[in-house]
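Asks: Okay, here's the structure, questions in a sec.
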Amino acid sequence: MSRSANAFLGVLPIIGCVVWFFLKVFQFQTSPEQYPDGMVILQLSKGWLEGRPFLFDTIYGNHAQQHNYYFIPLIGIFTKPMGVNGLFMAYVCFTGLFFWTYHRGFARFNVAERRATWLTALCYVFGPMAYFMYLDYFGWHPEQYFIPLLAFLALSLAQRKWGMFIVWLTLTFLVKESSIVLICCLFLFYSVVDLVLLNPGKHWLSYIVDRRNLIITGVSVVLFLIGLWWLSYLNGSQSSRLSQAFSNTQLNRTFFYYIVFSCAIGLLTFGLGLIPFIPWLRTLPRKGLIICVLASCYGVLFVMFATEALYYFPTIYPGVSYPPRISGLWAFMLSAFIYLSYRLAQAGVMPGQNALAWILSGCLLQFILGSFLVAHHFNFDAKPSTIRDNVAYMINTRFGFSPYPDGVARQLHGLAKEMPVGSEVIVPFQYLRYFERVYPSFWPQDGQLPAHILGKPLIYIYEKELVKNGAYRQFPGKGYATIPNEHLLILADSSWYKLKLK
């Protein structure tokens, strides 16, 4: 029974990674949401490999003026051959590699420790909270990678594998300008845990006001300010997103509701993330101090993500609960647990009794509260007809690798496959996803040309009904041929059309 249970637990991360990958593939292909941010991140990841400006996209233009997204171009090795699916493949590869490394790292500890820590990591990464975060109804964001990267960072530091530690530290730092705050909070928590394990009998203040902690804080503050200065420098005379976020703030009733709602989300998320710690903390000296440090670091991160959300104020929902933001909070709790549990195992500190009961109870509470805590725009649909249609789609599309089997979607996706690398197209917003292989822009509401076009678009696509109503202000001149379609006016570059489609 024990061997069978271990084998079952061992294959769960493999099953989880496979399910996670195809979940996102079918969400992108079949959901009514358009995932504009997913298309943006796709372009940022592979554009530089296809001769386009670094960190430039057709929706926002120079994205480097908004965020220090210097990690995402590395994912181009996945997205150049796989398109948007490469974003998801990179995530599951990082996640699978983490669990493989995690399993090897705990091999020398006893069975009870291995099972408890393994099951806890599974609940963090594949549990209900992670499910809602991973779906990310706007598509995809670099912050999604915080979960596997911070988990790797925590594990490599706990194992004192300094080479891998430098690798994961660098990759985490490059994710976003706010990464250094996450890193700082994690390092402070790690430092206090080590100091307590080294000498649990000191005064509590000596664990906080420590030379190492002051160095961690000082270096992190300097790096954070450099990151903000760099964004300000790139923006020039324009105001930064942080300045715009503060300018949106108004001390009124809506702002009060925003604070109340955000605090409720933050407290409940912290409580859910803390539950797996309890079996270990019950046997740990200075557990009150450890919890206070964990809560304080979490509070700093909460304030940071709540401030980021002010950019969209007076919107209250999603705010902090938006998947890219709450994913950072969840990743912090996961990595803190990984470090604590590994260091306690090294010190011979065993988890308390009923560890599995605590872990499963926490997962159940995630199931109950997850849909409230993490913002989403979808409903579960378990009708037999819906399930049958979804299964049929999976089969017809070879599990999503030959998407859009019929209709307008098939025609547009087929056109994109025939276009040269780096081509630009202008399409109605709802057709963006079909052009993941190239660089689509969507028509603004005023019908003018989009602002971030680098060259001559290969294809213009218009809705015929809107053409009749005079909604479009811009049409190409000579040199374009019409591709037949019942509902769309598709104008393609004549030379390319004759070469590829005629």
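The values are calculated or read from the model by the stated rules, or taken from the named source; none is laboratory data. If you're wondering where the values come from, they're calculated on a predicted model, not measured in any experiment. Neighbour counts are summed over all protein chains in view; Cβ atoms, including those assigned to glycine, are modelled from backbone coordinates with ideal geometry. All accessible areas refer to the heavy atoms of the entire protein, side chains included, with ligands and DNA or RNA removed. Shrake-Rupley method; radii C 1.70, N 1.55, O 1.52, S 1.80 Å.
Asks: Within the stretch 136-146, can one find any residue that is at pLDDT 95 or above and hydrophobic (A, V, I, L, M, F, W, C)?
Replies: yes
Residue-wise test of (1) under 20 Å from L412 (Cα atoms); (2) of a type outside the set (V, I, T).
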{"site": "S31", "(1), (2)": "yes, yes"}
{"site": "K46", "(1), (2)": "no, yes"}
{"site": "L49", "(1), (2)": "no, yes"}
{"site": "F54", "(1), (2)": "no, yes"}
{"site": "Q65", "(1), (2)": "no, yes"}
{"site": "K80", "(1), (2)": "yes, yes"}
{"site": "G83", "(1), (2)": "yes, yes"}
{"site": "L87", "(1), (2)": "no, yes"}
{"site": "V92", "(1), (2)": "no, no"}
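Asks: Residue by residue through the stretch 458-479, note down the ones that are over 19 Å from G422 (Cβ atoms) and either at pLDDT 95 or above or outside any loop (DSSP other than H, G, I, E, B) (or both).
Replies: Matches in the stretch 458-479: Y462, E463, K464, E465, L466, V467, K468.
Asks: For P351, state whether it is under 15 Å from P276 (Cα atoms), part of a loop (DSSP other than H, G, I, E, B), open to solvent by less than 40 Å² (accessible area, probe 1.4 Å) and touching a residue at least 60 places away in the same chain (Cβ under 8 Å).
Replies: Yes: the conditions hold for P351.
Asks: Looking at the stretch 480-491, I want the residues that are assigned to a strand (DSSP E or B) and have a partner that is of a type in the set (K, R) with Cβ atoms under 7 Å, at least 6 apart or on another chain. Which pairs are those?
Replies: The qualifying pairs are L488/K464; L489/K464.
Asks: Select from the stretch 445-493 the residues that are of a type in the set (G, A, S) and surrounded by 14 or more Cβ atoms within 10 Å (Cβ to Cβ) and list them in ascending order.
Replies: Within the stretch 445-493, G447, A471, A481, A492 qualify.
Asks: Specify which of the listed residues (F138, F98) is within 30 Å of M304 (Cα to Cα) and either assigned to a helix (DSSP H, G or I) or without any contact (Cβ under 8 Å) to a residue 40 or more places away in the chain (or both).
Replies: Testing whether each residue is within 30 Å of M304 (Cα to Cα) and either assigned to a helix (DSSP H, G or I) or without any contact (Cβ under 8 Å) to a residue 40 or more places away in the chain (or both) leaves just F98.
Asks: For the list (1) polar (S, T, N, Q); (2) in a helix (DSSP H, G or I); (3) at pLDDT below 90, I need the number of the one condition that Q430 fails.
Replies: (3)
Asks: Which numbered condition in (1) buried (at least 21 other Cβ atoms within 10 Å of the Cβ); (2) touching a residue at least 60 places away in the same chain (Cβ under 8 Å); (3) within 30 Å of Q244 (Cα to Cα) is the only one that L74 fails?
Replies: (1)
Asks: Scanning for something assigned to a loop (DSSP other than H, G, I, E, B), of a type in the set (A, V, I, L, M) and modelled with pLDDT of 95 or more, does the stretch 406-424 turn up at least one residue?
Replies: no
Asks: Is there a residue in the stretch 357-377 that is open to solvent by less than 40 Å² (accessible area, probe 1.4 Å) and over 26 Å from the mean Cα position of the chain (by Cα)?
Replies: Checked the stretch 357-377: no residue is open to solvent by less than 40 Å² (accessible area, probe 1.4 Å) and over 26 Å from the mean Cα position of the chain (by Cα).
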